[in-house]
Amino acid sequence: MRATVMRGGRLVTDEIPEPKPGPGQVLVETVACGICGSDLSALAHTDDFLEASRDSGVDMFLFDPSRDVVLGHEFSVRVLAAGPDTPGVVEGQCAVALPWAIDAAGVVRGIGYSNDFPGGYGERMVLQAMALEPVPDHVPPAVAALTEPLAVGFGNVARTGIGPDGSAVVVGAGPIGLGVVAGLAERGVAPIVVSDPSRLRRETALRLGAHRVLDPADQDPVEVWRSLASAGQALTVFNCVSATGLLNRLMHAVPPRTRIMQIGAVMSDDVIRPVVGVYKDLVIEMCMVYPHEEYAATLRRIADGTVDAASLITGEVGLAGVAAAVDALRRPDDHIKILVRPGLDGADIRTPA
């Protein structure tokens, strides 16, 4: 099959072996796959990415960088066939799925971060059948590919249990940060202050429910929050940016008893001053796992129009255009989410139909 593979630190489109489903698995055709910031990190900082997995004792994201890796974990698919001993599979069904599969040794592997389980930058994948969530017929399958990044946002909001009495600062308005904004708005949180240098992303945050947006080059988000919040109102900060030094700056800026949700995955060592957090009674949570039910709930939000996922898709590319799309995403004024559509020809980034 054709795929765009990570090979020697570059993205190359080539023919690779067809994946074969094992027991409890399905073979699927990729309909669409979002390009995620984690993919950019795995490509640009491969050694740090792998070292973090080893240091954490997390095998799920380990791979051999000397072998091909097909990235892509934010996908929608069409089911082609079931593996052995896999009942109940509906061939032709469109679905989304949490990106994991179990290898022959019983180890859980991350789809798109494995030499043996190619991701959505290829024509076909093998997924765990029990992970599939059917896409309702009225939802465009490509739009459903936004389920995964938006679920990270909604899920981490759910993890806090925040309600209408709370307030929030969201740092970074990429797809995950925008999912956070939509999740906060759904719960009636106010004020919601969003910081992002991209005008496109700030305007999108306003549409999704933010009360104030700002460019961090011009204003401090915590100071803007202070001007809007009620006296003594609890603050939760959602840091969706992978930038060194930012967590420490936030710790210094926020008021006592703030909760900071660290969602952005900084790949290198970073420095914080713990005593500042001690004196302020700050709570800092590193965010990997969110309530699993939020994944299916986010697909339902897309289906019923609670969140306008289609508005976040700013470009589409075929396999030959993935490298150019990765470069384009480094210019956040131009794009929010670019989808890889393996069925498209050419290398140009296209405006979604």
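The values are calculated or read from the model by the stated rules, or taken from the named source; none is laboratory data. Quantities reported herein were computed from a predicted structural model and do not represent experimental measurements. Every residue, glycine among them, receives a Cβ derived from its backbone with ideal geometry; neighbour counts consider all protein chains shown.
Per-structure values
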| quantity | calculated |
| --- | --- |
| Residue in the stretch 172-184 that is closer than 20 Å to T258 by Cα and either among the basic types (K, R) or over 19 Å from the mean Cα position of the chain (by Cα) (or both) present | no |
| Members of the stretch 183-202 found to be of a type in the set (G, A, S) and surrounded by 24 or more Cβ atoms within 10 Å (Cβ to Cβ), listed by number | G183, S195 |
| Yes/no for I284 being buried (at least 17 other Cβ atoms within 10 Å of the Cβ), touching a Gly at 6+ places or on another chain (Cβ under 9 Å) and outside any loop (DSSP other than H, G, I, E, B) | yes |
| Test set (1) touching a strand residue (DSSP E or B) at 6+ places or on another chain (Cβ under 7 Å); (2) at pLDDT below 95; (3) β-branched (V, I, T) - V107 fails condition number | (1) |
| Any hit, the stretch 263-271, residues being charged (D, E, K, R) and surrounded by 15 or more Cβ atoms within 10 Å (Cβ to Cβ) | no |
| Which numbered condition A205 fails, given (1) surrounded by fewer than 21 Cβ atoms within 10 Å (Cβ to Cβ); (2) within 25 Å of the chain's Cα centre (by Cα); (3) without any contact (Cβ under 8 Å) to a residue 60 or more places away in the chain | (1) |
| Hey, G315 in the same structural domain as P141 (by TED's automatic domain parsing) and surrounded by 13 or more Cβ atoms within 10 Å (Cβ to Cβ) or not | yes |
| Selection status of C36, over 19 Å from the mean Cα position of the chain (by Cα) and surrounded by 19 or more Cβ atoms within 10 Å (Cβ to Cβ) | no |
| Helices (runs of 4 or more DSSP H) within the stretch 167-277 that include 1 or more residues among the aromatic types (F, W, Y) | 221-228 |
| Per-region count, the stretch 275-320, residues touching a residue at least 12 places away in the same chain (Cβ under 8 Å), charged (D, E, K, R) and closer than 19 Å to S76 by Cα | 4 |
| Selection status of E51, acidic (D, E), farther than 17 Å from V340 by Cβ, part of a loop (DSSP other than H, G, I, E, B) and free of Cβ contacts under 8 Å to residues at least 24 places away in the same chain | no |
| Scan of the stretch 96-123 for residues that are within 25 Å of P136 (Cβ to Cβ) and crowded, with 24+ Cβ neighbours inside 10 Å, ordered by number | V96, A97, P99, A101, I111, G112, G119, G120 |
| Residues located in the stretch 110-129, provided they are touching a helix residue (DSSP H, G or I) at 6+ places or on another chain (Cβ under 7 Å) and free of Cβ contacts under 8 Å to residues at least 60 places away in the same chain | G110 |
| Sole residue being at positive phi and in contact with a strand residue (DSSP E or B) (Cβ under 7 Å, 6 or more places away or on another chain), chosen from G72, G8 | G72 |
| Residue ID - surrounded by the fewest Cβ atoms within 10 Å (Cβ to Cβ), chosen from residues in the stretch 69-86 that are within 27 Å of V152 (Cα to Cα) and out of contact with any Leu (no Cβ under 8 Å at 6 or more places or on another chain) | R78 |
| In the stretch 184-220, the residues that are among the small types (G, A, S) and either more than 23 Å from I338 (Cβ to Cβ) or assigned by TED's automatic domain parsing to the domain that holds I35 (or both) | A185, G188, A190, G209, A217 |
| Boolean, A173 is surrounded by fewer than 22 Cβ atoms within 10 Å (Cβ to Cβ), in contact with an Asp or Glu (Cβ under 6 Å, 6 or more places away or on another chain) and outside the structural domain of G92 (by TED's automatic domain parsing) | no |
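Residue-by-condition table, conditions (1) surrounded by fewer than 15 Cβ atoms within 10 Å (Cβ to Cβ); (2) touching a Phe, Trp or Tyr at 6+ places or on another chain (Cβ under 6 Å); (3) of a type outside the set (V, I, T); (4) outside any helix (DSSP H, G or I):
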| site | (1), (2), (3), (4) |
| --- | --- |
| P291 | yes, no, yes, yes |
| A320 | no, no, yes, no |
| V326 | no, no, no, no |
| L339 | no, no, yes, yes |
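Residues checked against (1) hydrophobic (A, V, I, L, M, F, W, C); (2) touching a Ser or Thr at 6+ places or on another chain (Cβ under 9 Å); (3) assigned to a strand (DSSP E or B):
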position: V96; (1), (2), (3): yes, yes, yes
position: N115; (1), (2), (3): no, no, no
position: L127; (1), (2), (3): yes, no, yes
position: P136; (1), (2), (3): no, no, no
position: G153; (1), (2), (3): no, yes, no
position: N156; (1), (2), (3): no, no, no
